[in-house]
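A.B. asks: Just passing along the structure, written as structure tokens.
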């Protein structure tokens, strides 16, 4: 279960991601002006990571963060094992306080009308990733 500190950290992560990338996101052909940046559906893995979804105006990402914030302990590329399989993520540094690993799951969210739709899509994605294959 996530703590209040975890939720504050995820909100700060989304803000820092938006601040770093917004200009480039806005120039992308698939930019959806109805969407913002949000980190949601996070849960803690036994591997010492928080894993969840990052919604942006252009894509939906699978994201991993170190639980303790000590990103320097990890490599530039990170493989995480979820019930649905193993995923390779690439590191990105956001400001002085956040480091994340991410993998694009879905590009071009232009068909989405609201952040609520994007949140439902993120929930669906995380549910699928956290279930073993049939």
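The values are calculated or read from the model by the stated rules, or taken from the named source; none is laboratory data. Worth saying up front: this structure is predicted, and the values here are computed from it rather than measured. Every residue, glycine as well, gets a Cβ built from its backbone with ideal geometry; the counts of neighbours run over all protein chains shown.
A.B. asks: Looking only at residues in the range 85-109 that are surrounded by 14 or more Cβ atoms within 10 Å (Cβ to Cβ) and either assigned to a helix (DSSP H, G or I) or more than 12 Å from the chain's Cα centre (by Cα) (or both), which one is modelled with the lowest pLDDT?
C.D. replies: Checked the range 85-109; the qualifying residue modelled with the lowest pLDDT is 98.
A.B. asks: Checking residue 68 against (1) within 21 Å of residue 15 (Cβ to Cβ); (2) touching a helix residue (DSSP H, G or I) at 6+ places or on another chain (Cβ under 9 Å); (3) surrounded by fewer than 14 Cβ atoms within 10 Å (Cβ to Cβ), which single condition isn't satisfied?
C.D. replies: Status for residue 68: all satisfied but (2).
A.B. asks: Something else now. Hey, among the residues in the range 4-41 that are more than 13 Å from residue 59 (Cα to Cα) and touching a helix residue (DSSP H, G or I) at 6+ places or on another chain (Cβ under 9 Å), which one's surrounded by the most Cβ atoms within 10 Å (Cβ to Cβ)?
C.D. replies: Of everything passing the filter in the range 4-41, 41 is surrounded by the most Cβ atoms within 10 Å (Cβ to Cβ).
A.B. asks: If you check residue 10 against the conditions, is it touching a strand residue (DSSP E or B) at 6+ places or on another chain (Cβ under 6 Å) and on the phi < 0 side of the Ramachandran plot?
C.D. replies: yes
A.B. asks: Here's a follow-up. Since residue 10 meets every condition but one in (1) more than 23 Å from residue 133 (Cα to Cα); (2) touching a residue at least 60 places away in the same chain (Cβ under 8 Å), which condition does it not meet?
C.D. replies: Failed condition: (2).
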